[in-house]
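Comments concern the structure below.
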Amino acid sequence: MNRRRSIIPGFGISMGITITILSIVVLIPLCSLVVFSAKLSFSEFVYTVTRPRVLSGYFVSISTAFIASIVNVIMGLILAWILVRYDFKGKRFIDGIIELPFALPTAVAGISLTHLTTTNGWVGQIFYNLFGIQIAYTRIGITVALIFIGIPFVVRSVQPVLEKIDIQYEEAAFILGADAKTTFRKVIFPEILPAIISGFTLAFARSIGEYGSVVFIAGNTPYETEIAPLLIMSELQEYDYSAATSIALVMLGISVVILSVNAIVQARVSKRVNGLA
Amino acid sequence: MGLRKENKVLKIILISISFIFLGIFLILPLIYIIVTALRDGISGYVNAVSDEYAIKAAILTIQATVWAVIINTIFGISAAWLITKYAFKGKKILSTFIDLPVTVSPIIAGLIYVLTFGRQSSIYPFLDSHGIQIIFAVPGIVLATIFVTFPFISRELIPVLTAQGTDEEEAAAIMGAGTFTIFKKVTFPHIKWALLYGIVLCTARAMGEFGAVSVLSGHLRGKTNTLPLYIELLYQGYDFTGAFAASSILVVLAIVVLILRLVIEKRGQKDLDLNK
Amino acid sequence: MGYVELHDINKHFKKFHASKDINISIEKGKLVALLGPSGSGKTTILRMIAGLEQPDSGEILIDGKVVNNTPGSERGIGFVFQNYALFRYMTVYDNIAFGLRVKKIPEEEIRDRVRELLELINCEGLEKRFPSQLSGGQRQRVAFARALAPNPQILLLDEPFAAIDAKVRLELRTWLREMITKLNITSIFVTHDQDEAIEVADEIIVTNLGKVEQSGTPQELYKNPATPFVAQFIGHSVEVRNYEKFKHFNKQGENSIAYLRPEFVSIFKKGESVQFANSAEEAIVEDTIFRGSNIEIRVRIHGNLISAIRSINEPEIRVGELVDVFIYRLYVVDGENVVLATNDSITDEDVVI
């Protein structure tokens, strides 16, 4: 070989291992999805994904995921703030427990949340008796499960950024006469906004596709509490691979859109902060 | 604090909100699982967790987890090394593909393996004639587990290796050291804590995967049921004590993972401070 | 024939042309500086000699042999990285021994060699420390020892003093110069600091925008800048556009510009004896800056703010004072040509640089 890439040896072997495993685990299966999709007839695809039951599934998934992610943005911001800015007893405990949704199997979380929120569950009966609100087996229940799995995303993306903001900025704003509210709005918030958006995006994307924690609490009533991933699952159980793939393609499309919007926003911001991207 | 006067009231309100929120959403479910698991007393609990099928499910879960950790460790190290030590075309696309699996719904992950290895796939006749069954069998479960945890280790290693740069490797290479020596002596000490951290995360997620495994499992009791699937089965059979008893095993493991995470993070930070 | 030679080297990083037709020849045993502003391609040249980068075209020769396809590790090179790249998880001893262990040299020989080097760099007793436990100067010396351990024929140093604070830097410059002279090893170092290059190097190669502008001894560069870039880069030059207005200087070309260095200018108090009294300009002092060992005086002449150095032993000059300014010479840049223009009122015998 005439031109060596780098003086550091091992390019060939690391490239070989990486591509081999990536191909088996990700690329080949994705290709088979593409190949199988190409075989679908367009009219059949449109018919499948526009059935009212499927449309309602998308709506349930997106709306509950959206509300849950908004809740997580607010709570994530508060949690990140108290973890970075305050000292209090139990801080390390909170810091550790925030990752629980990553560590606890989703199905386990699902059955536990369901039992807690049924009309005679520990939490559910309070809401049912006092306000007449049912949680389990409604969209509220789905939202609750999605809040659970989305908790770590916003906290973990905002926390490091907040840690890096130099106290001097705030002191500068303070000396210039800004009060705490203005300082937060004008100095801190713009700094952490990109992190909030990317945390929201990750939580939202994850929530739309979530299955394990939701199936138990959702009740799975068609048109009411049936989520899109469950529709794919049902089609698969009936071995209707064409329908399953059609529904999945639309969901993948939604994910791609969400992630691209985030990528564009992040690129814009980094351009503004660093000059050239 | 001099200049910055903290707003005491705000502080108390924010901390209280946080404790209440996490208490309800995270702590209460854990307490509920433990209480329900022990509802029929210790002997009921012991019976539930020592059930033959529960043990078989646990063994399969461990098996899938071990495979996922091994494959993803090998992959994670070589991918992270490749991405951070060399300049080459297509690096961005490669990173995108590596991160892709976590953004895909687990159900869709299951689906693409069904399409690849299932009855309607073009390689099915070949697999069938050689007696290889992948979907609705253990290999499918293992593949699904690898898929959903795919970037977990590389994602932990890449930032560490990026921050470390390539100077030390170049210095070693210029003195004539080979790939293995450079990795073992120069690079590995930098990444050991991040690697361990990645393995812990990978283990946690692999043990608990439900959706993708659910698609690919034949739901055969004692054959292709992992612990989370076994829990679902008990739950749907209204054996709540059994379901929560089996869950409690996973809860304990999750707590162990969280504690390990904190310990590893602290150790890694100490090493980092030492080498500033 | 030089010991290290680069012939028509070109190198691109994507679209950026980092090295343009580089031709360099370095004699055996010389201590050479690659000097240029940041982004001028000096580090790229060093890294290509080391085999850390590959040129797109051209040849690199070491000791008469083309080494383009020889791995860096077989070129007989020691490399000191800008931030030293000491192995952070190895002790000083293991760092220095690394290159020897790779060569499978018996452990006893390694021990002797490491001891010898530790003595050379005055770091005995530090062998069990980790790099993080060393001072900046110690790290640099350990990096130096590590590069020297396998007995390289050529030593390459990338900005060897950049990461050290000012006071230690001066000590290390002298130390490094002595060390390299003692070992008589062909050495090339990269720097953006002209004082450093002038003080340490036998020979300087000035780079700018990917090209070699000029190479020569520090004195040659100082006296005879070959290109406009070198004329303005070397020394603390002030650009003067209307130099023909100065007494006894004539315009050389339509668009020519002059560069004036402080050492080309003398400032006298009124009444001090001036050799060329009639040729001096009168000016008002705008600023005086105490530099410790001397005083910099700034005056404005024909719209140009010009600096001169005055000894602290001479009578003090104050801001606002009317003074006599005598300009001995300046560099006139006309297109690509650089000419040293001397004040017409002095004869050649008076020229002393």
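Looking at A:TYR239, A:TYR223 in this structure, which one is surrounded by fewer than 17 Cβ atoms within 10 Å (Cβ to Cβ) and either part of a helix (DSSP H, G or I) or more than 11 Å from every other protein chain (Cβ to nearest Cβ) (or both)?
On inspection, the qualifying residue turns out to be A:TYR223.
Going by the conditions given, is B:ALA245 hydrophobic (A, V, I, L, M, F, W, C), under 26 Å from A:MET15 (Cβ atoms), assigned to a helix (DSSP H, G or I) and touching a helix residue (DSSP H, G or I) at 6+ places or on another chain (Cβ under 6 Å)? Working first, answer last.
Details: hydrophobic (A, V, I, L, M, F, W, C): yes; under 26 Å from A:MET15 (Cβ atoms): no; assigned to a helix (DSSP H, G or I): yes; touching a helix residue (DSSP H, G or I) at 6+ places or on another chain (Cβ under 6 Å): yes.
No: the conditions fail for B:ALA245.
Over 16 Å from the mean Cα position of the chain (by Cα) and under 25 Å from C:ILE198 (Cα atoms) - does that describe any residue in the range C:125-134?
No, the range C:125-134 has no match at all.
If you scan the range B:144-156, which residues turn out to be part of a helix (DSSP H, G or I) and either in contact with a helix residue (DSSP H, G or I) (Cβ under 6 Å, 6 or more places away or on another chain) or outside the structural domain of B:MET207 (by TED's automatic domain parsing) (or both)?
Within the range B:144-156, B:ALA144, B:THR145, B:ILE146, B:PHE147, B:VAL148, B:PHE152, B:ILE153, B:SER154, B:GLU156 meet the criteria.
If you take the residues in the range B:201-228 that are surrounded by fewer than 24 Cβ atoms within 10 Å (Cβ to Cβ) and within 11 Å of another protein chain (Cβ to nearest Cβ), which one is farthest from A:LEU236 (Cα to Cα)?
The residue in question is B:LEU201.
How many residues are outside any loop (DSSP other than H, G, I, E, B) and at pLDDT below 85 if we restrict to the range C:329-339?
Within the range C:329-339, residues that are outside any loop (DSSP other than H, G, I, E, B) and at pLDDT below 85 number 0.
Pick from C:VAL92, C:VAL66: which is assigned by TED's automatic domain parsing to the domain that holds C:ILE154, farther than 30 Å from C:PHE233 by Cα and touching a Lys or Arg at 6+ places or on another chain (Cβ under 7 Å)?
From the options C:VAL92, C:VAL66, the qualifying one is C:VAL92.
Give the residue that is surrounded by the most Cβ atoms within 10 Å (Cβ to Cβ), with candidates limited to residues of the range B:73-89 that are within 7 Å of chain A (Cβ to nearest Cβ) and not hydrophobic (A, V, I, L, M, F, W, C).
B:LYS85
Out of all the residues in the range A:97-108, is one or more modelled with pLDDT under 95, more than 7 Å from chain B (Cβ to nearest Cβ) and part of a helix (DSSP H, G or I)?
yes
Every residue in the range A:253-277 that is crowded, with 17+ Cβ neighbours inside 10 Å and within 18 Å of B:PRO101 (Cα to Cα), please.
As a first pass, look at the range A:253-277 and keep what is crowded, with 17+ Cβ neighbours inside 10 Å: A:254-255, A:258-259, A:262, A:269.
Result: A:ILE254, A:SER255, A:ILE258, A:LEU259, A:ASN262.
Please find, among B:ILE42, B:ILE70, B:ILE33, the residue that is modelled with pLDDT under 95, assigned to a helix (DSSP H, G or I) and more than 7 Å from chain A (Cβ to nearest Cβ).
Result of the check over B:ILE42, B:ILE70, B:ILE33: B:ILE42.
Would you mention how many residues in the range A:109-130 are aromatic (Phe, Trp, Tyr) and part of a helix (DSSP H, G or I)?
2
Filter the range B:160-177 for residues that are surrounded by fewer than 24 Cβ atoms within 10 Å (Cβ to Cβ) and in contact (Cβ under 8 Å) with a residue 24 or more places away in the chain; which is nearest to the other protein chains (Cβ to nearest Cβ)?
Per the criteria, the residue is B:THR166.
Condition check: closer than 25 Å to B:ALA109 by Cα, more than 8 Å from chain A (Cβ to nearest Cβ) and either among the aliphatic types (A, V, I, L, M) or buried (at least 16 other Cβ atoms within 10 Å of the Cβ) (or both). Does B:VAL256 satisfy that?
So B:VAL256 fails the test.
Please find, within the range C:68-96, the residue that is nearest to the chain's Cα centre (by Cα) out of those that are farther than 24 Å from B:LYS184 by Cβ and surrounded by fewer than 20 Cβ atoms within 10 Å (Cβ to Cβ).
Here the residue is C:GLN82.
Given B:PHE117, B:PHE147, B:PHE152, B:PHE180, which one is aromatic (Phe, Trp, Tyr) and surrounded by fewer than 24 Cβ atoms within 10 Å (Cβ to Cβ)?
Values: B:PHE117 fails: surrounded by fewer than 24 Cβ atoms within 10 Å (Cβ to Cβ); B:PHE147 fails: surrounded by fewer than 24 Cβ atoms within 10 Å (Cβ to Cβ); B:PHE152 fails: surrounded by fewer than 24 Cβ atoms within 10 Å (Cβ to Cβ).
Among B:PHE117, B:PHE147, B:PHE152, B:PHE180, only B:PHE180 is aromatic (Phe, Trp, Tyr) and surrounded by fewer than 24 Cβ atoms within 10 Å (Cβ to Cβ).
Taking the condition within 10 Å of another protein chain (Cβ to nearest Cβ) and part of a helix (DSSP H, G or I), does B:ILE93 pass?
no
Looking at the range B:107-140 only, could you name the residues that are within 30 Å of A:GLU210 (Cβ to Cβ), in a loop (DSSP other than H, G, I, E, B) and either within 9 Å of chain A (Cβ to nearest Cβ) or within 22 Å of the chain's Cα centre (by Cα) (or both)?
Matches in the range B:107-140: B:GLY118, B:ARG119, B:GLN120, B:SER121, B:ILE134, B:ILE135, B:PHE136, B:ALA137.
Suppose we filter B:ILE191, B:ILE249, B:ILE199, B:ILE264 for residues that are within 30 Å of B:ILE135 (Cα to Cα) and over 15 Å from the mean Cα position of the chain (by Cα); which single one remains?
The unique qualifying residue is B:ILE249.
Residues checked against (1) within 21 Å of A:PRO229 (Cβ to Cβ); (2) in contact (Cβ under 8 Å) with a residue 24 or more places away in the chain; (3) within 12 Å of another protein chain (Cβ to nearest Cβ); (4) buried (at least 24 other Cβ atoms within 10 Å of the Cβ):
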site: A:ASN120; (1), (2), (3), (4): no, no, no, no
site: A:ASN129; (1), (2), (3), (4): no, no, no, no
site: A:VAL154; (1), (2), (3), (4): no, yes, no, yes
site: A:SER157; (1), (2), (3), (4): no, yes, no, no
site: A:ARG185; (1), (2), (3), (4): no, no, no, no
site: A:ILE188; (1), (2), (3), (4): no, yes, no, no
site: A:LEU202; (1), (2), (3), (4): yes, yes, yes, no
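Could you list, in sequence order, all residues of the range B:55-72 that are within 14 Å of the chain's Cα centre (by Cα) and either buried (at least 18 other Cβ atoms within 10 Å of the Cβ) or among the basic types (Lys, Arg) (or both)?
B:THR61, B:ALA64, B:THR65, B:TRP67, B:ALA68, B:VAL69, B:ILE71, B:ASN72
Hey, does the range A:15-24 have a residue that's under 26 Å from A:ALA248 (Cβ atoms), without any contact (Cβ under 8 Å) to a residue 40 or more places away in the chain, at the interface with chain B (Cβ under 8 Å from one of its Cβ atoms) and buried (at least 18 other Cβ atoms within 10 Å of the Cβ)?
So far as the range A:15-24 goes, yes, one or more of its residues are under 26 Å from A:ALA248 (Cβ atoms), without any contact (Cβ under 8 Å) to a residue 40 or more places away in the chain, at the interface with chain B (Cβ under 8 Å from one of its Cβ atoms) and buried (at least 18 other Cβ atoms within 10 Å of the Cβ).
Under 9 Å between Cβ atoms, which residue pairs at least 6 apart in sequence (or on different chains) link something in the range A:25-42 that is more than 7 Å from every other protein chain (Cβ to nearest Cβ) with a partner that is charged (D, E, K, R) and part of a loop (DSSP other than H, G, I, E, B)?
Close Cβ pairs (under 9 Å, with a partner that is charged (D, E, K, R) and part of a loop (DSSP other than H, G, I, E, B)) do not exist here.
Consider B:VAL66 carefully, then state whether it is within 27 Å of A:VAL154 (Cβ to Cβ) and free of Cβ contacts under 8 Å to residues at least 24 places away in the same chain.
Details: within 27 Å of A:VAL154 (Cβ to Cβ): no; free of Cβ contacts under 8 Å to residues at least 24 places away in the same chain: yes.
Against the criterion (within 27 Å of A:VAL154 (Cβ to Cβ) and free of Cβ contacts under 8 Å to residues at least 24 places away in the same chain), B:VAL66 does not qualify.
Of all residues in the range B:157-209, which are polar (S, T, N, Q) and either in contact with a Gly (Cβ under 6 Å, 6 or more places away or on another chain) or not assigned by TED's automatic domain parsing to the domain that holds B:ASP99 (or both)?
Scanning the range B:157-209 gives a single hit, B:THR179.
The values are calculated or read from the model by the stated rules, or taken from the named source; none is laboratory data. Just so you know, these numbers come straight off a predicted model, no measurement behind them. So basically every Cβ, Gly included, is an ideal-geometry build from the backbone, and we count neighbours across all protein chains shown.
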